[in-house]
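Everything below concerns the one structure shown next.
The values are calculated or read from the model by the stated rules, or taken from the named source; none is laboratory data. Model, not experiment: these values are computed from the prediction. Every residue, glycine as well, gets a Cβ built from its backbone with ideal geometry; the counts of neighbours run over all protein chains shown. Surface accessibility is based on the protein's heavy atoms, side chains included, excluding ligands, DNA and RNA. Shrake-Rupley method; radii C 1.70, N 1.55, O 1.52, S 1.80 Å.
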Amino acid sequence: MPAPRAIGPLTPHLYMPTERRPLRAKQHRLSSRTRVVPHSHPWGQLALSGSGVVRLTVEHGTYIVPPSRALWIPPGIEHAVTVPEDADLRTLYLHQPAGRCGPDVSRPQEAAWRQCRVLEVSALLRALVLEMNVQPDGADPPLTPDELQRERRISALVLDELRRARPLRLGVDLPSDKRLRALCEAVLDDPTRHATLDGWARDSGASPRTVARLFRQQLGTTFGQWRQQVLLAKALSMAARRMPMGAIAGELGYASASAFTAMVRRSVGAPPSRFFG
């Protein structure tokens, strides 16, 4: 498999949010196997996929973002973007006054927004984002006063929908230990290559006992529990392509759709029909 094509940040300087325009939107069509190198912004960011799936990775975790979900990234958090398949990446940049964080929330509510969080995307939020103007700074002709007023009205509704959006406990934790992180990234790239820890340990040149100990120390979980989260993330990606549940179950190594459904219910407390949106 060819290595991902690395590119720099996608022109964030042309969409800088300000007090006058506190919410900016941009759109980029990214081809499969593209990787946007690690970078950060001094403003808040919401990443959505108009079509296809993108993967965003921060220091301690990685997140799959299909069209039914969005990822909030607080100011200053370094992140990288990987595109496993062609995707339409929609990004919102949110102006954050000094010392504040979140979509215009009260100070007691800010704690939840000072970390990455996955949000459910309502039909209204998606429609509003698609209506946001994506013209960069310096474009000709500039926005008219009427267009700027429309942007402010849509922005107010977007912020309201973000405050109402249901947070989801999704994402895959990543370790700081270099050896274990390399193994984890290999599992993320091809989670069904091995079904047990022994196979992955053999690939990494470490003993299964050592790898199991590192998982407990670094991530506070077992390899099996961690890999289950990876499989859920992979299933999200396949569900975004409208693959049937039976086909997803087979691709992920489950003997039947019912066995896969039972795993999803145990993991997220909801049936696949609701979890995959």
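Can you list the residues of region 74-118 with backbone N under 20 Å from a point 7 Å past the Cα of A156, pointing along Cα to Cβ? Taking a point 7 Å out along Cα→Cβ of A156, the residues of region 74-118 whose backbone N falls under 20 Å are 93-97, 102-106.
In Å³ and rounded to a whole number, note down the convex hull volume per residue for the Cα atoms of the chain.
Value for the chain: 138 Å³ per residue.
At full extension, Q109 and A255 could sit 48.2 nm farther apart than now, given 0.36 nm per residue minus the alpha carbon distance. Here, region 206-263 has an Rg and a Dmax of 13.9, 39 Å when only alpha carbons are counted. Of the trypsin sites (Lys or Arg not before Pro) found in region 199-244, those in coil by DSSP whose Cβ has at most 13 other Cβ atoms within 10 Å are R241, R242. Per the Debye formula with a single identical scatterer at each Cα and no solvent contribution, what log10 I(q)/I(0) holds for region 83-130 at q = 0.14 Å⁻¹? Calculated log10 I(q)/I(0) at the listed q: -0.50. Here D203 sits with roughly 80 square angstrom of accessible surface, probe radius 1.4 Å. With both labels modelled 7 Å from their Cα along Cα-to-Cβ, the E85 to N133 distance reads 3.5 nm.
Taking a Cβ cut-off of under 15 Å around M263, the surrounding Lys, Arg, Asp and Glu residues balance to a net charge of +4, with basic ones at +1 and acidic ones at -1. Short-range pairs are left out: with C-alpha atoms under 8 Å and at least six residues apart, the relative contact order of the chain is 17 percent.
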